[in-house]
Amino acid sequence: MDFRLLGEIVLGLLAGLASGLLGIGGGQILIPGMVFLLGTDQKVAQGISLAFIVPTAIAGATTHWRRGNVAPRVALVIIPGALVGGVLGASLAQVLDSATLRRLFGLFLLYMSIRMIAPTFHGRVGQAIGGLLRRGPR
């Protein structure tokens, strides 16, 4: 069996598992896996990740819907903005180089990880920055 194909299958399984279990789009697993393990270009990895979201989101949302864990009114309000944002973000990604996209993605994952692990961290950092801005440079 082709090892790259096997890697892609395992990566898809892990991303699908994380998507259903944690409610993430799978990109947090797929993009680093494709870029660092499979040598895929950042833009291509992002495109694949976006295509991956559709079937996994349908499968995960259906399961959560059956359990009563979907708020249809909230989802319907969020969807139009998400569609417009998706088009704008994908268009912007086309004009940025892959290294910049990789750094932005890494910063996003780092920020979200800190927020999830230490929710009060954001508040303390915000207060510290606010204090510096009020005092000004010394």
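Brief remarks follow.
- Residue match in segment 96-103 (condition: outside any helix (DSSP H, G or I) and not charged (D, E, K, R)): yes
- Residue within segment 58-77 that is aromatic (Phe, Trp, Tyr) and under 22 Å from ILE29 (Cβ atoms) present: no
- If only residues of segment 60-90 that are under 26 Å from GLU8 (Cβ atoms) and touching a helix residue (DSSP H, G or I) at 6+ places or on another chain (Cβ under 8 Å) are counted, the one that is surrounded by the most Cβ atoms within 10 Å (Cβ to Cβ) is GLY60.
- No other residue among ALA99, ALA93, ALA57 is over 19 Å from LEU11 (Cα atoms), touching a residue at least 24 places away in the same chain (Cβ under 8 Å) and surrounded by 13 or more Cβ atoms within 10 Å (Cβ to Cβ) apart from ALA93.
No lab work stands behind these numbers, since they all come straight from the coordinates. From a predicted model like this one, the values you see are computed outputs, not experimental measurements. Note that each Cβ is placed from the backbone with ideal geometry, even for glycine, and that neighbours are counted across all protein chains shown.
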